[in-house]
Amino acid sequence: MTGREMLVMHARIRGIPECHIKTCVDMILENLLMCVYADKLVKTYSDGNKRVLSTAIALLGEPTVILLDEPSTGMDPVARRLVWDAVGRVRESGKTIVITSHSMEECEALCTRLAIMVQGQFKCLGSPQHLKSRFGSGYSLQAKVRRKWQQQMLEEFKAFVDLTFPGSSLEDEHQSMVQYYLPGQNLSWAK
């Protein structure tokens, strides 16, 4: 099947009226700059063009909820921008789009809310800016020190952290725990 035939088939499956299918398919092909490839067999498409076609199928008929898995992986920068623009327009029209991605760049470009999962469990939820400012601007160093350390040894440890990580700040010190904030800029863990 060609890309156009695939889109027509999915439009029919979605229940788009026959009189609107050609217009709908042509519009999505044009928006994603797929007209050049539309009448070629899908098996001849590059991986990036197959992803663009998959995204076109997902956006077809303006469903209320759209699920996209790694929508721009393997795409060249121009195709990625076209897909991001198309998804952004759909999002701005009030549709719900759920995206799974490993790319923070993609998430920042497409998402208004992010949920980060680790081993199938939600760890945090918020806007991209909120998560970046909360988790992405530096590191937290927590150290448990031996209770029997004398004050001088604790001060030597603090001096070591200050020397090794310039710009670090002691955020908390109580009982046998110390916690530092380490700014992320120019921080090399290889030292």
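The values are calculated or read from the model by the stated rules, or taken from the named source; none is laboratory data. Quick caveat: nothing in here was measured; it's all calculated off a predicted structure. So basically every Cβ, Gly included, is an ideal-geometry build from the backbone, and we count neighbours across all protein chains shown.
Considering only residues in the stretch 127-152 that are in a helix (DSSP H, G or I) and touching a strand residue (DSSP E or B) at 6+ places or on another chain (Cβ under 8 Å), the one that is farthest from GLU173 (Cα to Cα) turns out to be PRO128. Can you find even one residue in the stretch 165-173 that is more than 17 Å from the chain's Cα centre (by Cα) and either of a type in the set (Val, Ile, Thr) or modelled with pLDDT under 80 (or both)? No, the conditions are met nowhere in the stretch 165-173.
Might you let me know whether the stretch 23-33 holds any residue that is assigned to a loop (DSSP other than H, G, I, E, B) and farther than 17 Å from ARG80 by Cβ? No, the stretch 23-33 contains no residue that is assigned to a loop (DSSP other than H, G, I, E, B) and farther than 17 Å from ARG80 by Cβ.
Annotation: LEU67 fulfils all but one of (1) in contact with a strand residue (DSSP E or B) (Cβ under 6 Å, 6 or more places away or on another chain); (2) of a type in the set (A, V, I, L, M); (3) surrounded by 13 or more Cβ atoms within 10 Å (Cβ to Cβ); the unmet one is (3). Among all positions in the stretch 33-54, there is at least one residue which is under 19 Å from CYS111 (Cβ atoms), buried (at least 20 other Cβ atoms within 10 Å of the Cβ) and under 24 Å from the mean Cα position of the chain (by Cα). Residues of the stretch 91-116 that are of a type in the set (D, E, K, R) and surrounded by 11 or more Cβ atoms within 10 Å (Cβ to Cβ): ARG91, LYS95, GLU105, GLU106, GLU108, ARG113. Cβ contacts < 7 Å: first residue within 20 Å of ARG146 (Cβ to Cβ) and free of Cβ contacts under 8 Å to residues at least 60 places away in the same chain, restricted to the stretch 161-184; second residue exposed (fewer than 14 other Cβ atoms within 10 Å of the Cβ) and of a type in the set (Phe, Trp, Tyr), any location; separation 6+ or different chain. Result? If the second residue must be exposed (fewer than 14 other Cβ atoms within 10 Å of the Cβ) and of a type in the set (Phe, Trp, Tyr), no pairs are left.
Would you check if ARG12 is in contact with an Asp or Glu (Cβ under 9 Å, 6 or more places away or on another chain) and crowded, with 18+ Cβ neighbours inside 10 Å? For ARG12, the condition - in contact with an Asp or Glu (Cβ under 9 Å, 6 or more places away or on another chain) and crowded, with 18+ Cβ neighbours inside 10 Å - is not met.
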